[in-house]
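In what follows, a single structure is set out as structure tokens and then discussed.
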Amino acid sequence: MNQNSFNQIRVNVPGLGCWLTLLGLVWLLGAVGLGWLVKSLAALVLLVLAAPVLAFFGLRFWLRRNLVQGPCPVCDTPLTGLKGTETRCLNCGTVLQTEVDGFARVAEAGTIDITAVEVTVEAKPVLPEGD
Ligand SMILES: [Zn+2]
């Protein structure tokens with residue numbers, strides 16, 4: 001009975017012994033006169049813990065500034081690209097330049113960009129003239 005409850009406590013708090021060891025080590029180092037070592041280690045640990053968070057927010061900030069979303073000017077497929085880079089439309093394969101507010105076609109100098117409109121002609125019976 002007594003041994004069983006002891007086992008339960010040991011299973012429930014597996015990290016406590018580790019933390020107690022760490023605290024004891026910190027206290028021991030401080031007592032010996034190596035408080036500066038503890039402080040520098042703590043600073044190092046804080047730096048290691050803070051670096052991913054800072055990197056995450058930095059990346060988010062950078063993406064918000066440099067990620068451009070907009071439709072393809074040729075086929076209106078929604079696209080995402082990095083500002084100042086060339087990308088290719090996944091739907092129609094047009095090479096596009098990513099600009100501040102959307103995408104533009106990369107065309108050689110002197111190329112005139114036109115929009116083709118498909119016109120359907122209904123077949124009408126041709127009436128003979130002069131009847
Ligand atoms: Zn397209």
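The values are calculated or read from the model by the stated rules, or taken from the named source; none is laboratory data. Computed from a predicted structure; not experimentally measured. Backbone-built Cβ (ideal geometry, glycine too); neighbour counts: all protein chains shown.
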key: Of all residues making up segment 62-83, the number that are among the basic types (Lys, Arg) and in a helix (DSSP H, G or I)   = 2
request  = For segment 104-123, name all the residues that are within 16 Å of the ligand (Cβ to nearest atom) and among the small types (Gly, Ala, Ser).
outcome  = Ala104, Ala107, Ala116
note = Among residues of segment 62-86 being near the ligand (Cβ under 10 Å from one of its atoms) and in contact (Cβ under 8 Å) with a residue 24 or more places away in the chain, the residue surrounded by the fewest Cβ atoms within 10 Å (Cβ to Cβ) is Pro71
query = Which residue, of Leu29, Leu46, Leu23, Leu59, is assigned to a helix (DSSP H, G or I), hydrophobic (A, V, I, L, M, F, W, C), surrounded by 11 or more Cβ atoms within 10 Å (Cβ to Cβ) and away from the ligand (no atom under 16 Å from the Cβ)?
reply = Leu29
query = In segment 87-103, how many are outside any loop (DSSP other than H, G, I, E, B) and either within 12 Å of the ligand (Cβ to nearest atom) or modelled with pLDDT under 80 (or both)?
reply = 5
